[in-house]
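Peer 1: There's a structure below that I have some questions on.
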Amino acid sequence: HFMQKEIYEQPVVVADTLQSYIRPLEMQVAMPQMDFDLSEVERVVIVACGTASYVGMIGKYWIEQMARLPVDGDVASEFRYRDPVLTGKVLGVVVSQSGETADTLAALRHMKANGVTTAGIINVPTSSMAREVDLLLPTHAGPEIGVASTKAFTCQLAVMAALSVNLARAKGKMTAEQEREIVGHLKEAPAAMNAALSHDDEIQKMAHTIAEARDVLYLGRGPCYPLALEGALKLKEISYIHAEGYAAGEMKHGPIALIEPSMSIVVLNSKGRVSDKVRSNIEQVRARGGRVIAIG
Ligand code: F6R
């Protein structure tokens, strides 16, 4: 299947994409030439659809944390009709694989008509969005044939990381040492993806467990929360199994009532401030007999 082929292309295309955004000797992040000053940005607005909108949500976590700029993220179909406030020095960012999604394109045009400077994280360089943004931040995922976005998503994240670091540097919120550390992690990402993809056998076993479930809940906190939303979207789209993504801390405010042995719960956790909290969410799920698949 094209989707499977594209999943396995990720280490290579993410490395290709990062090559345009990293100066390996200086251990710095680089951006294409732009004719505006990132240090003047006061606010960031990120707009996209579906999987690409989860890149926007992760961008909100990263840009707010690194650059200390307020970030609004929205799905394009809401943004374009809700008459959003776009005053001040706003950087409007659209994220799209195709560069043609009608709602995202309309949102981009709406921002431009309101005097917003725009950037686009886009995979198809000849697309309408690529032509219309003020700053094109290309992903080099190659053609994505599978309907469900996979390699484009991870390439978009690589570019979003680079943009976040650039904004942080421009706003004077990141030291050279911190930047070196992040660039080091970005350089390790393709090898880490390769390592993850080598767990094929375990993943197949998990798939059999999940296939028996009627409902699947994906849980995560911080940037793992949008990843949980993305996991749930992918499962719905590909397997037709009902799935929901939830912020793990919200579980006790409702969805916990649904947990029973026929439910699979995929928990995403990464190192960081909230890692212990996610672990305690796992214990709560187990206490109710839910089957936990932990990815960390
Ligand atoms: C889900 C998926 C869609 C797209 C969305 C936006 O697997 O592929 O949700 O992410 O339709 O498409 P682009 O990125 O082309 O604007």
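Peer 1: Condition (residue is touching a residue at least 40 places away in the same chain (Cβ under 8 Å), surrounded by fewer than 20 Cβ atoms within 10 Å (Cβ to Cβ), within 22 Å of THR101 (Cβ to Cβ) and among the aliphatic types (A, V, I, L, M)) applied to the stretch 44-51: is it met by at least one residue?
Peer 2: no
Peer 1: Moving to a separate point now. Please verify whether the stretch 171-190 includes one or more residues that are closer than 30 Å to GLY289 by Cα and not charged (D, E, K, R).
Peer 2: As a first pass, look at the stretch 171-190 and keep what is closer than 30 Å to GLY289 by Cα: none.
No, because not a single residue in the stretch 171-190 is closer than 30 Å to GLY289 by Cα and not charged (D, E, K, R).
Peer 1: From the list ARG68, ARG82, ARG23, which residue is more than 16 Å from the ligand (Cβ to nearest atom), open to solvent by 20 Å² or more (accessible area, probe 1.4 Å) and out of contact with any strand residue (DSSP E or B) (no Cβ under 9 Å at 6 or more places or on another chain)?
Peer 2: Unique residue meeting the criteria: ARG68.
Peer 1: Regarding GLY120, is this residue within 11 Å of the ligand (Cβ to nearest atom) and modelled with pLDDT under 95?
Peer 2: no
Peer 1: Next question. Looking at the stretch 239-259, I want the residues that are over 13 Å from ILE282 (Cβ atoms) and have a partner that is surrounded by 15 or more Cβ atoms within 10 Å (Cβ to Cβ) and among the small types (Gly, Ala, Ser) with Cβ atoms under 7 Å, at least 6 apart or on another chain. Which pairs are those?
Peer 2: From residues that are over 13 Å from ILE282 (Cβ atoms), the pairs are ILE241/ALA213; ALA243/ALA232; GLU244/ALA232; GLY245/ALA228; GLY245/GLY231; GLY245/ALA232; TYR246/ALA228.
Peer 1: Further question on the same structure: Is it the case that the stretch 31-54 has a residue that's touching a helix residue (DSSP H, G or I) at 6+ places or on another chain (Cβ under 8 Å) and acidic (Asp, Glu)?
Peer 2: yes
Peer 1: How about the stretch 36-85: which of its residues are within 16 Å of TYR225 (Cα to Cα), assigned to a helix (DSSP H, G or I) and of a type in the set (D, E, K, R)?
Peer 2: Across the stretch 36-85, the qualifying residues are LYS60, GLU64.
Peer 1: Another question about this same structure. Residue under question is GLY272, and the condition is that it be in contact (Cβ under 8 Å) with a residue 40 or more places away in the chain and either open to solvent by 30 Å² or more (accessible area, probe 1.4 Å) or closer than 18 Å to ALA232 by Cα (or both); does it hold? Walk me through how you get there before you give the answer.
Peer 2: Values: in contact (Cβ under 8 Å) with a residue 40 or more places away in the chain: yes; either open to solvent by 30 Å² or more (accessible area, probe 1.4 Å) or closer than 18 Å to ALA232 by Cα (or both): yes.
It is true that GLY272 is in contact (Cβ under 8 Å) with a residue 40 or more places away in the chain and either open to solvent by 30 Å² or more (accessible area, probe 1.4 Å) or closer than 18 Å to ALA232 by Cα (or both).
Peer 1: Let me ask another. Can you name the number of the only condition in (1) farther than 17 Å from GLY290 by Cα; (2) touching a Ser or Thr at 6+ places or on another chain (Cβ under 6 Å) that ALA213 fails?
Peer 2: With respect to (1) farther than 17 Å from GLY290 by Cα; (2) touching a Ser or Thr at 6+ places or on another chain (Cβ under 6 Å), ALA213 is out only on (1).
Peer 1: Turning to a different aspect of this structure: Can you tell me which residues in the stretch 85-104 are within 16 Å of the ligand (Cβ to nearest atom), buried (at least 21 other Cβ atoms within 10 Å of the Cβ) and among the hydrophobic types (A, V, I, L, M, F, W, C)?
Peer 2: Correct list: VAL93, VAL94, VAL95.
Peer 1: A further question on this structure: Out of HIS185, HIS140, I need the residue that is within 18 Å of the chain's Cα centre (by Cα), open to solvent by 50 Å² or more (accessible area, probe 1.4 Å), farther than 14 Å from ALA52 by Cβ and without any contact (Cβ under 8 Å) to a residue 24 or more places away in the chain. Which one?
Peer 2: HIS185
Peer 1: Another one. GLY73 passes all but one of (1) open to solvent by less than 10 Å² (accessible area, probe 1.4 Å); (2) at pLDDT below 95; (3) not aliphatic (A, V, I, L, M); which number fails?
Peer 2: Going through (1) open to solvent by less than 10 Å² (accessible area, probe 1.4 Å); (2) at pLDDT below 95; (3) not aliphatic (A, V, I, L, M) one by one, GLY73 breaks only (1).
Peer 1: Given the residues ALA152, ALA141, ALA107, ALA158, which is the only one that is more than 9 Å from the ligand (Cβ to nearest atom), under 15 Å from VAL13 (Cα atoms) and assigned to a helix (DSSP H, G or I)?
Peer 2: Being more than 9 Å from the ligand (Cβ to nearest atom), under 15 Å from VAL13 (Cα atoms) and assigned to a helix (DSSP H, G or I) holds for just one of ALA152, ALA141, ALA107, ALA158, which is ALA158.
Peer 1: Then there's this: Report, by residue number, each residue of the stretch 188-234 that is more than 19 Å from the chain's Cα centre (by Cα) and assigned to a strand (DSSP E or B).
Peer 2: Result: ASP215, VAL216.
The values are calculated or read from the model by the stated rules, or taken from the named source; none is laboratory data. Since the model is a prediction, treat every value here as computed from it, not as a measurement. Every residue, glycine among them, receives a Cβ derived from its backbone with ideal geometry; neighbour counts consider all protein chains shown. Please note that ligands, DNA and RNA were not included when accessible areas were found on the heavy atoms of the full protein model with its side chains. Shrake-Rupley method; radii C 1.70, N 1.55, O 1.52, S 1.80 Å.
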